[in-house]
Each structure stands twice: as structure tokens, then as C-alpha cells.
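Here is the structure we will look at.
The values are calculated or read from the model by the stated rules, or taken from the named source; none is laboratory data. It should be emphasised that the depicted structure is a prediction, and the values quoted were computed from it without experimental measurement. Here the Cβ positions follow ideal geometry from the backbone for every residue, glycine too, while neighbour counts run over all protein chains shown. Heads up: the accessible areas ignore ligands, DNA and RNA and are worked out on the full protein's heavy atoms, side chains in. Shrake-Rupley method; radii C 1.70, N 1.55, O 1.52, S 1.80 Å.
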Amino acid sequence: MPKALVTGAGGLIGSYVVREAAQCAPGWTVRGLRRADMDLTNYAALCALFADFKPDAVIHCAALTNTPLCEAEPDRARLLNVDVTARICELAAAIPLVFISTDLVFDGTRGNYSETDKVNPLGVYAQTKAEAERIVLTNSRHIVIRTSLNAGVSPTGDRSVTEKMRMAWRAGQTLRLFTDEYRCPIHASLTARAIWELLRQGQAGLFHIAGAQKLSRWELGQLVAARCPELNPRLEPASIKEWAGPPRAADTSLDCSKAQAALSFPLLGLEHWLKSHPSEPF
Ligand SMILES: NC(=O)c1ccc[n+]([C@@H]2O[C@H](COP(=O)([O-])OP(=O)(O)OC[C@H]3O[C@@H](n4cnc5c(N)ncnc54)[C@H](OP(=O)(O)O)[C@@H]3O)[C@@H](O)[C@H]2O)c1
């Protein structure tokens, strides 16, 4: 029976990876690691876990994902996103490892990026992810998956883009959403399925996994608002040109044709996913 270790199992994507395992990896023993189980910066504990559990594969979802926090505390971002990833790569040198990266490795000036396009990360979060990608890809068994905004329900209820919108509306806020910032949102259940399929196919290298439809933040907000009228959602259109904070990538839409050709199911855009899952939480 193969065994997989999933880090970040208390987060959005890691929790879907653990949940989808029953369908996607029948017969596998899956151990989900949450922060409460182990702080991944405790290398001695991590080594002991690998020696004890002896995983056949690792799906590394843990990260410092809060981008303002990464800007405020770059050393902490680097420790978790780069150094811990490097350490896990060493421990997983002889087995496949899947590392989850981000569309934000691109500067967003062009959009529709493929795996062969040059990265140019704009902020600390994106820089640490791009650096970790390079480390992971030095091992020819390993997989790097770049994804975009993921929708879904996280164990803490506050991680996905859709949860954050609902939280704001519940708090009575009006969301100002850019009409000219584009992403390819995807439901996290599809990201998790893709992770398992690529891993089980023995794939290696870099793959883009995101929704088939490019949406502006404004269009995404409208889709989410339509699904939860009970929250009396309030949203206003805005432009990225008004943004005064750290640099933002305007269009990080991803060309996912390489991954799509390998997968048994379509990487639905979020609008399509919502239509085909009318009563599922997102
Ligand atoms: N969700 C998206 O839209 C999206 C888009 C692009 C890429 N990604 C990438 O996908 C991966 C998963 O993202 P996610 O959305 O699932 O993030 P998430 O919900 O924030 O989950 C990350 C998990 O890592 C845990 N973690 C952080 N520091 C840790 C430590 N020192 N020891 C142990 N665990 C620790 C976090 O615990 P705490 O909650 O206690 O901090 C959290 O449970 C990340 O690599 C992210 O960069 C996500």
C-alpha cells in the first residue's frame, strides 16, 4: 500500500487533497499534517516523521500564503516557503514530491502564461515561491503545480478567495473589486484531483492547473454574490490603476493545456463549476 504525506492539511488545498484521496488514490494511506501536528520548521521532528512514516510520495501544501504578511515579514516567508521546502526536498530526494506554486510568479503584463514562459515575481510571496520552484525542479522526479485563486471551504473558514468575500459581506463591508485584474479561478476540489492524477501517472516537471475561464476580480465577485444573496453582498467596480500598495500582477491567467492533455477531467472555470454544482459549498 503506497503512503503519502500531505503538508498543510489544515489549509485550503491540503484539506481538499486529503479529502479527495478516497476517490483519487484508493488504497493509499494518506497522512495529513496540520500545524497542530507539527511545526515544519522543526527539522528534527520532520526527519523523525520521514524515518517513521516512510512516505512513498509527498504533497507539500504548507506555506505562508498571506501576501501582506509575507511583505511585512520577508524572513518568515523565506523560512517557510523556501527553506522548509528545500528541507522537505532533501528528505524526499528518492520519492516524488508535489510542490504547489502560484500564478503570481508571473508579473502579469501579458497573461495566458505557459510553463515555458519566463517568471518575474513582483512581491515577497511570489519571489519565495519562484525560488522554491527552482529548488524543487532540480529533482527530476518532482512536480511543481502552479495554480491560481482557489475557491472552496477551508477548515478555518477564512482561506479561500470566496470565503474572504463572504467574510467581508458578513461584516457589512462593500468590496471594491478590480475590473482590470485577471485570474483563472478554480475550485480547490479540482486542484486536488489534478494533483493526485499527475502524481499517480508518474508525471514530473512543471504544470499549470487553473480554471479554464479567465475572470476579472469584479466578474468573480459578481459570481460569488449571485450565489449568496442572503448576505446582501455589496460590491463596487474599481481599477488596478488606483492601487497604491506593493506592485500587483494585472493578468496572471494561465495556459493549462499541458496539464489538461494529461488529465481525465476538464479544469472547469469557476463559473462553469458553480453552474454544475448548484448546491455544493464553495
Ligand atoms: N489558495 C489559493 O488560492 C492558492 C493560489 C495559488 C497558490 N497557492 C499555493 O497552494 C498552497 C496551499 O495554499 P492554501 O491556500 O491551502 O494555503 P493555506 O490555506 O494558508 O494553508 C497553508 C497551511 O500551511 C500551514 N503552515 C504554515 N506555516 C506552517 C508551519 N510552520 N508548520 C506547519 N504548517 C504550517 C498553515 O497553518 P496556519 O493556518 O496555522 O498558518 C496552513 O494550514 C500554498 O503553497 C500556496 O502558495 C494557493
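For the chain, go through all pairs of different Cα atoms, get the mean of 1/r, take its inverse, and jot down that Kirkwood value in Å.
19.1 Å
Output the peptides 230-236, 16-22 sorted from most to least packed, where packing is the average of other Cβ atoms within 10 Å over each peptide's residues. Present the calculation step by step, with values, prior to reporting the outcome.
Working: 230-236: 13.9, 16-22: 21.0.
Going from most to least packed, we get 16-22, 230-236.
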Sum of side-chain charges, LYS3 neighbourhood, beta-carbon under 12 Å (Lys, Arg +1; Asp, Glu -1): 0
Potential extension, ALA226-ASP56 segment - 0.36 nm per residue separation minus Cα distance: 56.9 nm
Calculated log₁₀ intensity ratio I(q)/I(0) where the Debye formula runs over C-alpha points of region 1-144, q = 0.21 Å⁻¹: -1.37
Per residue, the convex hull volume that the Cα atoms of region 130-282 enclose (Å³): 128 Å³
Relative contact order (%) - criterion: Cα under 8 Å, at least six apart; region: region 27-104: 39 percent
Distance histogram in 10 Å bins (all Cα pairs of region 1-72, percent per bin): 19, 49, 25, 6, 0
Relative contact order (%) - criterion: Cα under 8 Å, at least six apart; region: the chain: 21 percent
Å² of accessible area per residue within the chain, as computed with a 1.4 Å probe and no ligands counted: 44 Å²
Angle between the chain longest axis and helix 161-170 axis [Cα atoms, degrees, rounded to 10]: 50 degrees
Cut-off 9 Å between beta-carbons: net charge of the residues surrounding LEU122, Lys and Arg +1, Asp and Glu -1: 0
Helix-only mean residue ellipticity at 222 nm for the chain, each DSSP H run of n ≥ 4 adding -39500 (n - 2.57), per residue, nearest 500: -10500 deg cm²/dmol
Unsatisfied cross-links (Cα-Cα over 31 Å) in the set LYS164/LYS275; LYS54/LYS129; LYS118/LYS275; LYS3/LYS118; LYS3/LYS275: LYS118/LYS275; LYS3/LYS118; LYS3/LYS275
Peptides ranked, highest mean first, by Cβ atoms within 10 Å: ranges 133-142, 195-204, 95-104: 95-104, 195-204, 133-142
Alpha carbon centroid spacing (whole Å) that separates region 12-56 from region 217-282: 29 Å
For region 48-161: relative contact order, % (alpha-carbon pairs under 8 angstrom, 6 or more apart): 29 percent
Percent antiparallel among DSSP beta bridges (both partners in region 140-219, rounded to 5): 20 percent
Where labels lie 7 Å past Cα in the beta-carbon direction, separation of THR109 and ASP180 in nm: 1.6 nm
Of all accessible heavy-atom area on the chain, the percent that carbon and sulfur account for (1.4 Å): 52 percent
